[in-house]
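The values are calculated or read from the model by the stated rules, or taken from the named source; none is laboratory data. The structure presented is a predicted model; accordingly, all values stated were derived computationally and were not measured. Note that we place each Cβ from the backbone using ideal geometry, even for glycine, and neighbour counts take in every protein chain shown.
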Amino acid sequence: MTGYPFIDAKAGGSINQVLEALNRVLEITVPDTKSELGTLVIPGHGRLLDQSDVAYYREMVAIIRDRIQDGMKRGLTLAQIKAEKPTLDYDPRFGRTTGAWTTDMFIEAAYRSLGGNNHDTQGTHLHREHWPSWPAPASAFAHHSFTAAYESGKRVEIEGVVKEFIWRNPHSFVRIEVMSKEGKPETWNLEWGSSTQLSAAKFPVTRTSLKFGDRIIATGEPGRDAEAHRIRIFSIKRPVDGWEWQGVVE
């Protein structure tokens, strides 16, 4: 599983069916803590996977599905949902801008499969009363599970330059550029609370609190997938003016 899942929306396929299939794989596999090596899963592309790899992929698909649904509930068009970048923190690993299945194609197919208007190009959107409702594929993953995506109890600190700050519900993100030990730039995605939570926090955060070019120091829980370069934010400091935020948001 080296990219976003293919969804043939025109043939009736849906992102919820993808989640159902991943849930089925998880039901018939065992983790390596219960059996020697555990169950190995052979994907269509990429390396052999174990149950935790499949759980991470399922979590990723569920999170993106929830973000797209949230945008649709708010009356956003497909173009507006794409502009919010619902796949931002997963693009370094799974995103594609060229080829037979790009990130834009995945978002559009997921949107269509969730009931998005096929003629939604210039502002047409579903009215809330026509919003489709599906049961969650699995209660433990119906909403974002931080414990599934991040190493609980561990802490890392990184310093870098803000490239983008996305202040939104259900979770905000800060994309920063960090210099690696080898002196090469790396893109890190920092996951934060919702805009609602952040604006009401002890240290309020608004959409203008962080700007492009700000140098910040962030601490938090590292992602379980080290290659994804992501952390769950517990604190942020901006040394140039002493601005700081600390807290735990769900």
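Name the one entry in Leu76, Leu88 that is aliphatic (A, V, I, L, M), closer than 22 Å to Glu227 by Cα and either modelled with pLDDT under 85 or surrounded by 14 or more Cβ atoms within 10 Å (Cβ to Cβ) (or both).
Unique residue meeting the criteria: Leu88.
State whether the residues of the range 193-212 include one that is of a type outside the set (D, E, K, R) and under 14 Å from the mean Cα position of the chain (by Cα).
Yes: one or more hits.
Which of the strands (runs of 3 or more DSSP E) found entirely inside the range 194-249 contain at least 3 residues meeting this: acidic (Asp, Glu) and in the same structural domain as Asp66 (by TED's automatic domain parsing)?
It comes to none.
Matching residues to (1) modelled with pLDDT of 90 or more; (2) in a loop (DSSP other than H, G, I, E, B):
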| position | (1), (2) |
| --- | --- |
| Arg96 | yes, yes |
| Ala109 | yes, no |
| Arg112 | yes, no |
| Thr121 | no, yes |
| His125 | no, yes |
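Does Tyr4 fit the bill of being surrounded by 17 or more Cβ atoms within 10 Å (Cβ to Cβ), outside the structural domain of Asn189 (by TED's automatic domain parsing), aromatic (Phe, Trp, Tyr) and not in a helix (DSSP H, G or I)?
Considered against the rule, which asks whether it is surrounded by 17 or more Cβ atoms within 10 Å (Cβ to Cβ), outside the structural domain of Asn189 (by TED's automatic domain parsing), aromatic (Phe, Trp, Tyr) and not in a helix (DSSP H, G or I), Tyr4 comes out as yes.
Right, Asp91: touching a residue at least 40 places away in the same chain (Cβ under 8 Å), closer than 29 Å to Val25 by Cα and not hydrophobic (A, V, I, L, M, F, W, C) or not?
The answer is no for Asp91.
If you check Pro43, Pro86, Pro31, which single one turns out to be touching a residue at least 12 places away in the same chain (Cβ under 8 Å), under 18 Å from the mean Cα position of the chain (by Cα), outside the structural domain of Glu164 (by TED's automatic domain parsing) and in a loop (DSSP other than H, G, I, E, B)?
Going through Pro43, Pro86, Pro31 in turn, the sole match is Pro86.
Select from the range 46-59 the residues that are without any contact (Cβ under 8 Å) to a residue 60 or more places away in the chain and of a type outside the set (Phe, Trp, Tyr) and list them in ascending order.
The answer is Gly46, Arg47, Leu48, Leu49, Asp50, Gln51, Asp53, Val54.
Give the residue, chosen from Arg238, Arg224, that is more than 30 Å from Gln51 (Cβ to Cβ) and of a type in the set (Lys, Arg).
Numbers: Arg224 fails: more than 30 Å from Gln51 (Cβ to Cβ).
Checking each option against the conditions leaves just Arg238.
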